[in-house]
1. Do we have S204 as on the phi < 0 side of the Ramachandran plot and either part of a loop (DSSP other than H, G, I, E, B) or among the aromatic types (F, W, Y) (or both) here?
2. I'd like the residue in segment 87-146 that is small (G, A, S) and part of a strand (DSSP E or B) and, out of all such residues, is surrounded by the fewest Cβ atoms within 10 Å (Cβ to Cβ).
3. Being farther than 30 Å from E230 by Cβ and surrounded by fewer than 15 Cβ atoms within 10 Å (Cβ to Cβ) is the filter; apply it to segment 42-63 and report the residue that is nearest to the chain's Cα centre (by Cα).
4. Being assigned to a helix (DSSP H, G or I), in the same structural domain as N443 (by TED's automatic domain parsing), within 24 Å of the chain's Cα centre (by Cα) and not polar (S, T, N, Q) narrows it down to one residue among D341, D390, D386; which is it?
5. Does segment 441-455 include one or more residues that are out of contact with any helix residue (DSSP H, G or I) (no Cβ under 9 Å at 6 or more places or on another chain), closer than 19 Å to S337 by Cα and not aromatic (F, W, Y)?
6. Would you confirm whether any residue within segment 192-212 is buried (at least 17 other Cβ atoms within 10 Å of the Cβ) and over 19 Å from G47 (Cα atoms)?
7. Condition first: touching a Lys or Arg at 6+ places or on another chain (Cβ under 8 Å) and within 17 Å of N115 (Cβ to Cβ). Now tell me which residues in segment 159-202 satisfy that.
8. Answer yes or no as to whether Y311 is more than 30 Å from H178 (Cα to Cα), of a type in the set (F, W, Y) and in contact with an Asp or Glu (Cβ under 7 Å, 6 or more places away or on another chain).
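The values are calculated or read from the model by the stated rules, or taken from the named source; none is laboratory data. A quick note: this is a predicted structure, and the numbers were derived from the prediction, not measured. Here Cβ is always computed from backbone atoms with ideal geometry, including for glycine, and neighbour counts include all displayed protein chains.
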Amino acid sequence: MKKLFTITFAAIAIISCKESVSEPTTTILAGKLANATEAKHMLLYDGNNEVVDSLSLDGGHFADTLSIPDGHYMLRLGRSRIADLYLEKGNALTIQADIKDKEALTISGKGASTNNYIQNKYRYLNDSLHSMGSQVYTLEEKAYKDKMLAVKTSLETILGAQDSLSATYLALEKRNLHFHYLQYINRYERYHSHYAKKPDFKASAQFADELKSVDYTNEADYQFSNNYKELVRNYYIKESMAVVEKDSTLDSDVAFLKALASSKSDIIKNHLAYESARYGITYTTDIESYFETFKKVATDSANIASIEDKYNRLLGLKAGNVSPSFENYENFAGGTSSLSDFKGKYVYIDVWATWCGPCLAEIPALKKLEEDYHDKNIAFLSISVDNKKDHDAWKQMVADRELSGVQLYADNSFDSDFIKDYLIVAIPKFILLDPEGNIIDANAKRPSDAKIRSTFDAML
């Protein structure tokens, strides 16, 4: 009996030990970022490009324990992309990187196998596809599809050669590689038309047949794969076009929300609605209709509360209200300027930055607009939201491109009070004020839009 009791007690002890072992809840990241001795921290972004954590740097060294969901992440220092990562609870990774040498990246520790695969994948893509730039879209249909199939096959080979990948990750990543291929198929017609300079180009009827079998309701793929996420987004953009065809009075941003209402996945519906609304509501021409439509589509209470806060603040930016102001912004011509300095004139404000491609694309049209209306009672203000480290780049670009109008530099980039008061989350942004400093349009048309001239002609 004693022996039996001992065995039984031992068995209970083993069972108890197993039950007491909890699943890991954190992820450890440590290592060194060479040539970044002056930097104080680098940022960790999630798959939605949102900052989820800040890692302190001490002479380039870092070590942190993170409580974050499993998923794709990216380490950045300023604009420099340090590493693309897939992090799971229980990972303990050591990362050695060099801010001046992307090829110096090494990853070791628990979870390294998955992350080394990711680095190998991106190296291959950079060498075989991304290095071609826009030229890949000038290929004719067969050559283009053959190229994309070859890329997909090579990526699958790289994935299969990597040891120690979890079954879950392997299955999801195999589908992600297929979605990557489909993404390129999906964009071909639009991109070939643009880059091959064929405005009337249409792909053959069968070219995109593979897209017909895509299930746009798979939540696991949506949360794992940005390629799938983009396919889903594009699907609903196309669906929104059909909504507009039925009701031409609808703006495209409202139509997109209405199209989302048909989604059978709350996860997909809420994410896309919120992703669209947090920017879209700051640009829409009818915030009341936009917000009402958003509330009918979204079911996530936190998302609704966030957009409602923006909505309430945007109501203060309606036409006729007094404009938020700014004081003592650096003027490229010398000294400082405040918004009140331009009272008595209509004011057309361009919020931009030197790194913003769409902003730079508007410069020729803006210069022409300024030239055509230079003798009218209107001031053209360009406000740069470049970071402090890019201050000299701002001055250099203003000089090199001979930018006209009043060139100002915001006091704290996107954190400047004027920028936050206008809820500016994306640029370029154009604002039109009357001579009394009241808002005419907080979402004025761009210089490249002929409608802005009609507006000017009617008011001047």
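1. Details: on the phi < 0 side of the Ramachandran plot: yes; either part of a loop (DSSP other than H, G, I, E, B) or among the aromatic types (F, W, Y) (or both): yes.
In short, yes.
2. Residues of segment 87-146 that are small (G, A, S), as a first pass: 90, 92, 97, 104, 108-109, 111-113, 128, 131, 133-134, 143.
Now drop any that are not part of a strand (DSSP E or B), which leaves 92, 97, 104, 108-109.
Details: A92: 16, A97: 24, A104: 12, S108: 14, G109: 15.
Result: A104.
3. So in segment 42-63, the residues farther than 30 Å from E230 by Cβ come out as 56-63.
This time we only want the ones that are surrounded by fewer than 15 Cβ atoms within 10 Å (Cβ to Cβ), so: 56, 58-59, 61, 63.
Details: S56: 24, D58: 29, G59: 30, H61: 28, A63: 27 Å.
Out of the qualifying residues, it is S56.
4. D390
5. no
6. Our first condition is that a residue be buried (at least 17 other Cβ atoms within 10 Å of the Cβ); within segment 192-212, this holds for 192.
Of the ones still in play, those that are also over 19 Å from G47 (Cα atoms) are 192.
Yes, some residue in segment 192-212 is buried (at least 17 other Cβ atoms within 10 Å of the Cβ) and over 19 Å from G47 (Cα atoms).
7. Once the filter is applied, which keeps residues that are touching a Lys or Arg at 6+ places or on another chain (Cβ under 8 Å) and within 17 Å of N115 (Cβ to Cβ), segment 159-202 yields L159, L177.
8. Details: more than 30 Å from H178 (Cα to Cα): yes; of a type in the set (F, W, Y): yes; in contact with an Asp or Glu (Cβ under 7 Å, 6 or more places away or on another chain): no.
Here the answer is no, as Y311 does not meet what is asked.
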